[in-house]
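Notes follow the structure.
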């Protein structure tokens, strides 16, 4: 790494983040969930969905704006379907809802092979990758998508941002096969808005053709960005639409009203979540070549893909696994100078001692 | 359309295609399934996965090569998971397996909210879009992926093709909302190899940066293409990996051995299928804004996305729906001069009368 990173004790970080959440009225267990998921992002090298982003989201859309309700109770709705649950989360903190949603989907998958939890009236869950990596480490094939808080993405061949950045996250239980879970996790925009904010914070430029300014022209200046474009032309556009359509089936309202403080008339402003877990035994035919078991077969397939001259290719989830190793070696969470400064402004605002590098 | 298209009676087409399959030893019901799915592709304007492609696949990998076994029986494996089935299809014709897999997944979804069928020892099912469009018309959210017959795609940042073109297909039951099912259906390569073959047949060039020649250099000449690249850089690469990893969990073997006539030692050469159906009621929170029901909510969300200056954007599935309308107006399947010529060479080979435009 070219940038100097400061190791911060994980517990000290979590205590600060939890205190910031409790100061906003969240219950201790909600604050602990928020701190845990922020730490998970930083631990895995995700610098766009860390504690700063989480608190920034709460400032913009959350407990002050009415988008998130501290202490809200999840209501499990009646359904005749045995492997699927539908929750009204009543705008409860997204991290707490997502942790429980994944846990419940795992229980359903244990019995049915596949389990789903769909969530209406949600609030941002921060980083989908954190939940699928955790589930994959427990041995499950995990998937989640959600609608992003704001319509910031222009449909393919369109002019106006009417889609969220709408991320998808998949995790696969490949730790025994290759040492870490394969985790495929990205926004369906060319960049996440969190990445734009990170580049702005660090005084860097965007790649070309990823974002447009107020006149609808492509810009590489992060401070001028008003909208993003989907990755991969019509294919990424389709991937973004999936989240909107699934959300529309669950109970989400018009994307251009989402995340707004005063949505028009009776439109809803909440995002939706979808969680799905598949038990790997539930898709196993058991007849692997050359006497392999399922894990050895997965390992052989991955080695085949990354062999034959492709040895320098990365696997999705590998950067996160390498970052986790660096965190482990440093003994804590690695923050840049600018990030640490912002965290310590939060500490000062709470009348707390600043976080000190270990 | 700038190209002259000839309308061919659907039944006459199906009779020819079924005869071609029966001449290869397939049972009448298998031959009928093959004809039906080829007709569905052409009906929906899909020119890369029509009857010519289906028979070409059988020539290359199928009943002559041993990749496909006419009359094979599907074996439903024992499982303790109630919403998931695992099938050994024993290399039965893919179209027959896929039709049954989707039908069984719909039954499971009716009871459990979600149903999955995973298939080991498969043979190419032609066009995933055909199955998800059909399921979506019946009111279900449908998904399928499979591993493509050959490793033709170079991993992101790699040199050697070790991935299949590995398509994903999603269908959404939006006919009542917007007049047709939204169908998101594409290969994870920038182009499908079927599209390369179509361009070669029509003497046209490829777009830039989509395919490489024998030296690993990008080429726009379809006759020089030896490998494709994933769409959308690392994101499309991740989408392609999903199919390989799911197949590896099911029972698929090394991608570079897949589709080969004489795989090394005991490696398997068969692709794998994954089918999943979700009942839309199983993800409905029931609390749609402004008194809408679920269908009206989906319609409102789509209108919001395609409003606000985005009126010229297309929805995935719209080109297929418009092609179906043209087919309906023409009263039959629309083939180009070159396609009709090839079909009639097949007819001549079977000693049958040529297909004549209506």
Residue set A:194, A:236; condition part of a helix (DSSP H, G or I), in contact with a helix residue (DSSP H, G or I) (Cβ under 8 Å, 6 or more places away or on another chain) and modelled with pLDDT of 95 or more; output residue A:236
Restricting segment B:97-117 to residues that are buried (at least 24 other Cβ atoms within 10 Å of the Cβ) and under 16 Å from the mean Cα position of the chain (by Cα), the one nearest to residue B:278 (Cα to Cα) turns out to be B:102
Cβ-Cβ under 7 Å pairs, at least 6 apart or on other chains, segment A:335-358 side closer than 24 Å to residue A:323 by Cα, far side modelled with pLDDT under 95 and surrounded by 12 or more Cβ atoms within 10 Å (Cβ to Cβ) = A:338/A:201; A:338/A:202
Does segment A:121-145 hold any residues that are touching a helix residue (DSSP H, G or I) at 6+ places or on another chain (Cβ under 8 Å), more than 13 Å from residue A:102 (Cα to Cα) and within 14 Å of another protein chain (Cβ to nearest Cβ), and which are they?
-> A:122
In the set B:338, B:348, which member is surrounded by fewer than 15 Cβ atoms within 10 Å (Cβ to Cβ), modelled with pLDDT under 95 and closer than 22 Å to residue B:52 by Cα?
-> B:338
Can you spot a residue in segment A:284-298 that is at pLDDT 95 or above, crowded, with 22+ Cβ neighbours inside 10 Å and closer than 30 Å to residue A:166 by Cβ?
-> yes
Output for segment A:78-105, where each listed residue is closer than 17 Å to residue A:133 by Cβ and either free of Cβ contacts under 8 Å to residues at least 24 places away in the same chain or within 13 Å of chain B (Cβ to nearest Cβ) (or both) = A:101, A:103, A:105
Number of the condition not met by residue B:154 [criteria: (1) crowded, with 24+ Cβ neighbours inside 10 Å; (2) within 11 Å of chain A (Cβ to nearest Cβ); (3) without any contact (Cβ under 8 Å) to a residue 40 or more places away in the chain] = (3)
Filtering segment A:46-84 down to residues that are farther than 30 Å from residue A:333 by Cα, surrounded by fewer than 24 Cβ atoms within 10 Å (Cβ to Cβ) and in contact with a strand residue (DSSP E or B) (Cβ under 9 Å, 6 or more places away or on another chain) yields A:74, A:75, A:76, A:77, A:78, A:79, A:81
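Results for (1) within 20 Å of residue A:98 (Cα to Cα); (2) outside any helix (DSSP H, G or I); (3) in contact with a helix residue (DSSP H, G or I) (Cβ under 8 Å, 6 or more places away or on another chain); (4) modelled with pLDDT of 95 or more, shown as yes or no for each residue.
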position	(1), (2), (3), (4)
A:41	yes, no, yes, yes
A:53	yes, no, yes, no
A:57	yes, no, no, no
A:64	no, yes, yes, no
A:70	yes, yes, yes, yes
Number of positions in segment A:290-327 that are assigned to a helix (DSSP H, G or I) and within 26 Å of the chain's Cα centre (by Cα) = 12
Number of positions in segment B:227-250 that are at positive phi and at the interface with chain A (Cβ under 7 Å from one of its Cβ atoms) | 1
If you take the residues of segment A:200-226 that are outside any loop (DSSP other than H, G, I, E, B) and buried (at least 21 other Cβ atoms within 10 Å of the Cβ), which of them is nearest to the other protein chains (Cβ to nearest Cβ)?
-> A:211
Selection count where residues are in contact (Cβ under 8 Å) with a residue 60 or more places away in the chain and either under 30 Å from residue B:119 (Cα atoms) or at the interface with chain A (Cβ under 7 Å from one of its Cβ atoms) (or both), scope segment B:284-314 = 1
Counted residues in segment B:251-283 being assigned to a loop (DSSP other than H, G, I, E, B), at the interface with another protein chain (Cβ under 9 Å from one of its Cβ atoms) and touching a strand residue (DSSP E or B) at 6+ places or on another chain (Cβ under 7 Å) come to 2
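The values are calculated or read from the model by the stated rules, or taken from the named source; none is laboratory data. As the structure is a computational prediction, the values presented were derived from the model and not from experiment. Positions of Cβ are backbone-derived with ideal geometry, glycine not excepted, and every protein chain shown enters the neighbour counts.
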